[in-house]
DNA sequence: CACGTCACCTGCGTGC
DNA sequence: TGCACGCAGGTGACGT
């Protein structure tokens with residue numbers, strides 16, 4: 001389809017920012033009709049296939065602790081997936097290449113379904129399903145915690161939180177003196193934005209990624225917050241449109257205005273999109289629309 | 001405090 | 001055809 005148009009890595013990796021993680025949380029939580037899910041189910045076993053997956057426990061301690069607990073809910077905070085069990089909470093961060101899937105442990109013929117390359121953690125549930133964490137680049141991590149706040153308290157506000165008004169956001173921005181893009185991607189400042197959605201949000205408000213955060217007028221801060229919410233919402237909407245239980249090929253990548261589109265004409269003015277480095281990250285702008293002050 | 005750099009890791013595309 | 005190389009994603013540690 002549009003394969004020739006997208007950056008090469010989009011064909012093989014996920015880029016889990018807030019909308020992708022939200023999409024995964026929903027797909028794990030809401031299995032298709034007539035299929036059981038794993039919510040309310042008890043864990044009957046755990047297999048840790050790569051020790052480094054676990055951020056805070058040994059495989060032995062993890063397995064012993066999670067066995068017998070029931071899964072009560074699956075949610076999201078920032079880019080973390082939050083699995084609430086009866087006594088502990090499991091957090092999973094996919095970083096850049098992680099993936100989660102739910103599948104039956106046994107095939108219809110009665111054979112064990114083999115795990116795949118790069119499957120690093122698998123939880124089996126009482127109803128014959130298992131949750132598998134596939135983690136090719138070994139960047140993703142799982143935590144098992146009595147109190148998830150231990151990790152999640154370091155995160156900034158959720159972009160859609162109601163108390164995050166334009167005024168509050170303006171105070172947050174002008175209370176710092178940092179380059180806009182690295183600040184927006186700082187999870188302690190705001191939780192959920194990554195490289196792609198940040199580029200897209202900045203393009204929508206015509207701000208250069210190197211703009212100083214304390215140079216923004218109140219009105220600009222308000223527009224930036226709206227752009228962030230719009231672009232995240234568009235991402236959620238487009239991923240939500242095409243996923244099912246285990247397959248979740250979103251299609252927001254076909255709607256990028258600047259990300260991965262170096263050399264393409266700006267959709268607003270036709271100037272060719274440029275790629276620059278900001279804080280070591282590939283950054284895409286329209287040099288005409290997004291002028292540096 | 002802000003910012004730069006590097007390390008982590010694998011697999012894909014590119015260019016020789 | 002094979003192969004070395006660059007590069008992408010998110011974050012944390014560390015140096016300036």
Legend entry - Check on residue A:240, away from DNA strand B (no atom under 13 Å from the Cβ), at pLDDT below 95, on the phi < 0 side of the Ramachandran plot and under 14 Å from the mean Cα position of the chain (by Cα): yes
Legend entry - Candidate set: the stretch A:192-239, residues that are in a helix (DSSP H, G or I) and over 28 Å from residue A:254 (Cβ atoms); chosen: the one nearest to DNA strand C (Cβ to nearest atom): A:213
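This table checks each residue for (1) outside any helix (DSSP H, G or I); (2) more than 30 Å from residue A:261 (Cβ to Cβ); (3) within 20 Å of the chain's Cα centre (by Cα).
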| site | (1), (2), (3) |
| --- | --- |
| A:154 | yes, yes, yes |
| A:163 | yes, yes, no |
| A:169 | no, no, no |
| A:176 | yes, no, no |
| A:187 | yes, no, yes |
| A:190 | yes, no, yes |
Legend entry - Of all residues making up the stretch A:38-54, the number that are crowded, with 19+ Cβ neighbours inside 10 Å and free of Cβ contacts under 8 Å to residues at least 60 places away in the same chain: 0
Inset, instruction - Report, ordered by the first and then the second residue, all pairs with beta carbons closer than 7 Å, sequence separation of six or more or different chains, a first member in the stretch A:55-75 that is outside the structural domain of residue A:88 (by TED's automatic domain parsing), and a second member that is surrounded by fewer than 17 Cβ atoms within 10 Å (Cβ to Cβ) and part of a helix (DSSP H, G or I). - result: none
Inset, instruction - Quick one: residue A:187 ticks every box in (1) more than 16 Å from DNA strand B (Cβ to nearest atom); (2) surrounded by fewer than 19 Cβ atoms within 10 Å (Cβ to Cβ) except a single one, so which number is it? - result: (1)
Inset, instruction - Identify, from the list A:84, A:63, A:89, the residue that is within 28 Å of residue A:194 (Cα to Cα), surrounded by 18 or more Cβ atoms within 10 Å (Cβ to Cβ) and either modelled with pLDDT of 95 or more or within 16 Å of DNA strand B (Cβ to nearest atom) (or both). - result: A:89
Inset, instruction - Can you confirm whether the stretch A:92-102 contains a residue that is modelled with pLDDT under 95, away from DNA strand C (no atom under 16 Å from the Cβ) and touching a strand residue (DSSP E or B) at 6+ places or on another chain (Cβ under 6 Å)? - result: yes
Legend entry - Residue in the stretch A:277-291 that is within 13 Å of DNA strand B (Cβ to nearest atom), modelled with pLDDT under 90 and more than 21 Å from residue A:186 (Cα to Cα) present: no
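The values are calculated or read from the model by the stated rules, or taken from the named source; none is laboratory data. In this text, all values refer to a predicted model and were calculated from it rather than measured experimentally. No Cβ is skipped: glycine too gets one built from the backbone with ideal geometry, and neighbour counts run over all protein chains shown.
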